[in-house]
Amino acid sequence: MQRWIVAIDGPAGAGKSTVARLLADRLGYVYLDSGAMYRCVALLALRSGTEPEESTALAEAAQITFDPAGIGEPQRVLLGGEDVSQAIRTPEVSQMASKVAAVPRVRKALVKLQQALGAQGGVVMEGRDIGTVVFPQAELKIFLTASPEERARRRHAELEARGEVFDYARVLAELKERDERDETREASPLRAAPDALTFLTDGRTIEQIVVELAGKVEA
Ligand code: DC
């Protein structure tokens, strides 16, 4: 059986992570979260007081691993062996991640790692440039998106579920700021590959989308 590369791109809060993880489980594929890698570099920059533009060396030296890297298990993100799964999900890291992600040499280092991890196929990789840059040859490319308000509502609920209190207006404003930076940067801006299938997730359940996508791979 052929093992595909499935690329899932789209803006923050479109439901990419949930869809990608469930799709990977359903197909028996490995799930890879490329955004977590940019977040790891952001965390290193914040901890060391490094400016985003100066973070190339951090990206090149970062020891980022996923544990377990297997199928259908909850994944932890390890940075130099330290479990940073929670630490990389703060709003500060989110903002810094979108800044380090605008640095071409940071992207180059992380894209190389992503290509090595996905080369064998049998992966669902989510990010912003997976279908355009990392795996332009991916057998299935999905661009998942939703309105900014819907995405901010989801992000807000996610933060609340973790016991963190943030104003919805602040979440929406930060999300729009991040979208703007991700879409307008010169290096690999967020955009759908010409041959990607675009899904608007407003008002659709994650399950509906996962079933539809799995059908495309299994067909
Ligand atoms: O998906 P996320 O929110 O965890 O991503 C964090 C940041 O990294 C986000 O601002 C976009 C950036 N990113 C990117 O530029 N390219 C990717 N393939 C994945 C994430």
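Worth a mention:
- Some residue of the range 39-52 being modelled with pLDDT of 95 or more, hydroxyl-bearing (Ser, Thr, Tyr) and open to solvent by less than 20 Å² (accessible area, probe 1.4 Å): no
Every residue, every condition in (1) among the aromatic types (Phe, Trp, Tyr); (2) in a helix (DSSP H, G or I); (3) over 17 Å from the mean Cα position of the chain (by Cα), yes or no:
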| site | (1), (2), (3) |
| --- | --- |
| 114 | no, yes, no |
| 121 | no, no, yes |
| 124 | no, no, no |
| 131 | no, yes, no |
| 143 | yes, no, no |
| 149 | no, yes, yes |
| 153 | no, yes, yes |
| 158 | no, yes, no |
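- Qualifying residue in the range 73-90 (condition: assigned to a loop (DSSP other than H, G, I, E, B), open to solvent by 50 Å² or more (accessible area, probe 1.4 Å) and in contact with a Gly (Cβ under 8 Å, 6 or more places away or on another chain)): no
- The criterion of being of a type in the set (Phe, Trp, Tyr), in contact with an Asp or Glu (Cβ under 9 Å, 6 or more places away or on another chain) and closer than 23 Å to residue 146 by Cβ does not hold for residue 38.
- Among the candidates 43, 32, 78, the residue that is away from the ligand (no atom under 13 Å from the Cβ) and closer than 28 Å to residue 157 by Cα is uniquely 78.
- A count restricted to the range 197-213 and to residues that are open to solvent by less than 20 Å² (accessible area, probe 1.4 Å) and either within 19 Å of residue 135 (Cα to Cα) or in a loop (DSSP other than H, G, I, E, B) (or both) stands at 2.
- Residue 26 among the basic types (Lys, Arg) and either away from the ligand (no atom under 12 Å from the Cβ) or under 24 Å from residue 217 (Cβ atoms) (or both): yes
- Residue count, the range 109-144 (criterion: within 14 Å of the ligand (Cβ to nearest atom) and either in contact with a helix residue (DSSP H, G or I) (Cβ under 8 Å, 6 or more places away or on another chain) or open to solvent by less than 10 Å² (accessible area, probe 1.4 Å) (or both)): 24
- Among residues that are at pLDDT below 95 and either open to solvent by less than 20 Å² (accessible area, probe 1.4 Å) or more than 14 Å from the ligand (Cβ to nearest atom) (or both), residue 64 is not included.
- Selection within the range 178-196 - part of a loop (DSSP other than H, G, I, E, B) and either open to solvent by 60 Å² or more (accessible area, probe 1.4 Å) or touching a Pro at 6+ places or on another chain (Cβ under 8 Å) (or both): 186, 187, 190, 191, 193, 194, 195
The values are calculated or read from the model by the stated rules, or taken from the named source; none is laboratory data. No experiment lies behind these values; they were computed from the predicted model shown. Reconstructed Cβ throughout: ideal geometry from the backbone, glycine too, with neighbour counts over all protein chains shown. Ligands, DNA and RNA are excluded from the accessible area calculation, which covers all protein heavy atoms including side chains. Shrake-Rupley method; radii C 1.70, N 1.55, O 1.52, S 1.80 Å.
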